[in-house]
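First comes the structure, then the notes that go with it.
Any read-out appearing in this document is the output of simple, stated calculations on the displayed coordinates, not a laboratory observation. Because the structure is predicted, anything quoted here is derived from the model rather than measured. Here the Cβ positions follow ideal geometry from the backbone for every residue, glycine too, while neighbour counts run over all protein chains shown.
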Amino acid sequence: MSLKKRILSGGLLTIMVVMANAVPAAAQVGIWVDYYVPQFYVDKLVFYDETGTPYYYEDDQAYSVPEDYPEYQELINHYNSNEDAYLRWFDQVGYMSLEYRRAPKVDYYEPEYYQDYPVFYTSAGRPYYYQDGVTAYIAVTDPFYHRYVRHYKRYHRKYIRWYRERGRHYHWYRRPLYTGYYRPLYHNGYVVYYDVAGLPYYYRSGHKVFISRKHRRFDHYMRHHRTHRDTYNRWYQEHGRRHHDYRQPKGYRRHRLKENAPRSMHGRAVDRAEHRRRRDMMIRKDVHDRRHDRQKDRHDFRTQRREDRLDQREKRLDRHEDRQNRRLERQKDRMEHREQRKDLVRERREDRRDKIIDRREMQREERQDRHKERMDKRGDRREERRDDLRDKREERRERREDRREKREDRRDKLRKNQ
C-alpha cells in the first residue's frame, strides 16, 4: 500500500471518527430541500407552532424567538406564505434536525471573535461586536485591537461579502460553550458548574451561587455530573473556567408546545411526544450505525496498523540497505580522496624538487660569476701593484743616479779646490 493511499485513508478515517464523535445525530441530517427554504434565528434552525410563533431548540429545550429580534416579523411572514411547505418539510426532514446549527464560518472567510462574540467592522475598519443586539466598540487599549484591525485590512473584501451574505444575521450570536465531548447545562440562562463534592452552582454578577436542593432540576444536575464527571473536568480546564460571566443571550424564553400540535400534510398530529419518539428512533439508529462504524473503523485501523508495520519494516530494511550503500560509497570516496591527496603530494614534491634544482643552478652560476669577478679584480690589482712597483724602482734608480752625479760633482769640486 503506497504512502499516498495510506495518508488519504488515514485522514479519511480520522475525519470520520471526529465527525461521528463531535457532531450530534440531528446535525448530520440534511435540511435542504427544493420546495422549502429553512429559516434561522442567528445560527439556530427555526420551527413554528400551530399559531405560527417561531421557536428553536437549545439543549433539547424549546425556546421562543424574542419579539425584539430584528427579523422576527420576517419569520412570521415566511410561515404565513409557506405554511403547507413548512409542514411537509417538518414531517419529512425538520423533526430530525431539532439541534441543527449554521456556523458563521464559510469557505472563503472565518470571522474573528471577541469574548465569544463575532467581530464586525465599520466602513473605516473600526472593530465592534453586538452584545444582546446592542453595539459595543472594542477599545483601542484592548490587547487584541490591532490584531482585529490587521485582520480587516487583510480580508476586508471577503468580510464585506461575508457580512452581506451571512454576517448580518449574527448580531445576536455568541459562540456556544459546548464542545464535541461535553455540553454544559444551564440554570436560568447561567452555566452550571460543580464543586469538588459534585454540588451544582453558577456565577451571578461574579459571585458563586449554589443551586438549592429543593429545586426541581437539582437531581438532574447531580445525575449529569455523575455521568459526565471526567468530560466535565476536562471541559472546565480547557473552556469553562474562562467563561464564568457567560449567560445565554437575552430573550431566552421557554416555549410551551400546546396539545393541538400543527398538522402535517398527511393529516397526522406532530406533537412533542412524536418529536421525541422520532428523535429517539433516529438517535438509536445513529447509535447503532456509529457502533457498526466503530467496529468497521477498528477493523480498518487494525488492518491499517498491520500494513503500516509491514511498511515500516520494509522502510527499515530499505534504510539499512541505504546506510550500507552510503557506507560503501563513503569508503570509496575516502579511497579516491586518499589517492588524489597522494597524487597531489607527489606533484607538490616534484615541484619543490624542481624548484630546488633550479635555485641551486642559479646559485651556482651566481657563485661562478662572483668568482670570475673576484679573479678579474684580483688580476687588475696585481697589474696595478706591478706597475706601482716598476714606477717606484725607476724612481729609486733615478734618485740613485742623481745622488751619484751629485757625489761626482762634489768630488770634482774638491779636486779642483786641491
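Given R₀ = 45 Å, what would the calculated FRET efficiency be for ASN233 paired with MET335, taking r from the Cβ atoms and rounding to 0.05?
Details: r = 65 Å, r/R0 = 1.45.
Calculated value: 0.10.
Based on the mean of other Cβ atoms within 10 Å per residue, sort peptides 365-377, 234-246 so the most packed one is first. Intermediate values should be presented prior to the final figure.
Numbers: 365-377: 10.0, 234-246: 14.9.
Ranked by mean Cβ neighbours within 10 Å, highest first: 234-246, 365-377.
Given a Förster distance of 51 angstrom, what is the FRET efficiency for ASN325 paired with GLU110, based on the Cβ-Cβ distance and rounded to 0.05?
The computed FRET efficiency comes out at 0.55.
In a solvent-free Debye calculation with one equal scatterer on each Cα, what is log10 I(q)/I(0) for the stretch 160-216 at q = 0.12, 0.18, 0.25 Å⁻¹, listed in the order of the q values?
-0.47, -0.76, -1.08
What is the Cα centroid distance between the stretch 48-127 and the stretch 386-411, reported in whole angstrom?
154 Å
Taking all pairs of different Cα atoms in the stretch 124-230, averaging 1/r and flipping that mean, what Kirkwood radius in angstroms comes out? Walk me through the numbers before you get to the answer.
On the way: mean 1/r = 0.0577 Å⁻¹.
Answer for the stretch 124-230: a Kirkwood hydrodynamic radius of 17.3 Å.
Once Lys and Arg get +1 and Asp and Glu get -1 on their Cβ, which of GLN363, MET375, ASN325 lies farthest toward the positive end of the dipole of the stretch 321-418?
Checking the options against the dipole of the stretch 321-418, the answer is MET375.
Explain nothing, just compute: Karplus ³J(HN,Hα) = 6.51 cos²θ - 1.76 cosθ + 1.60, θ = phi - 60°, for every residue of the stretch 227-236 in order, whole Hz, x for Gly and Pro.
These are the phi-based 3J(HN,Hα) values: 7, 10, 5, 5, 5, 5, 4, 5, 4, 5 Hz.
Once the principal axes of the Cα atoms of the stretch 88-153 are found, what is the range along each, listed largest first in whole angstroms?
Computed over the Cα atoms, the extents are 52, 27, 21 Å.
Out of residues 5 or more away from VAL106 or on other chains, whose amide H comes under 5 Å of its own, with H placed 1.01 Å from N in the peptide plane?
Answer set, sorted by chain and number: none.
Let me check I have the definition right: for the stretch 47-183, take the eigenvalues of the Cα gyration tensor, multiply each by 5, take square roots. What are those semi-axes in whole Å, largest first? Spell out each step's value before the answer.
Numbers: eigenvalues 210, 56, 43 Å².
Ellipsoid half-lengths, sorted descending, are 32, 17, 15 Å.
According to a simple spin-label model (label point 7 Å from Cα along Cα-to-Cβ), what is the distance in nm between GLU50 and HIS146?
6.2 nm
Tell me, what does the Kirkwood hydrodynamic radius of the stretch 357-418 come to in angstroms if you use every pair of distinct C-alpha atoms?
Working: mean 1/r = 0.0619 Å⁻¹.
Kirkwood radius, the stretch 357-418: 16.2 Å.
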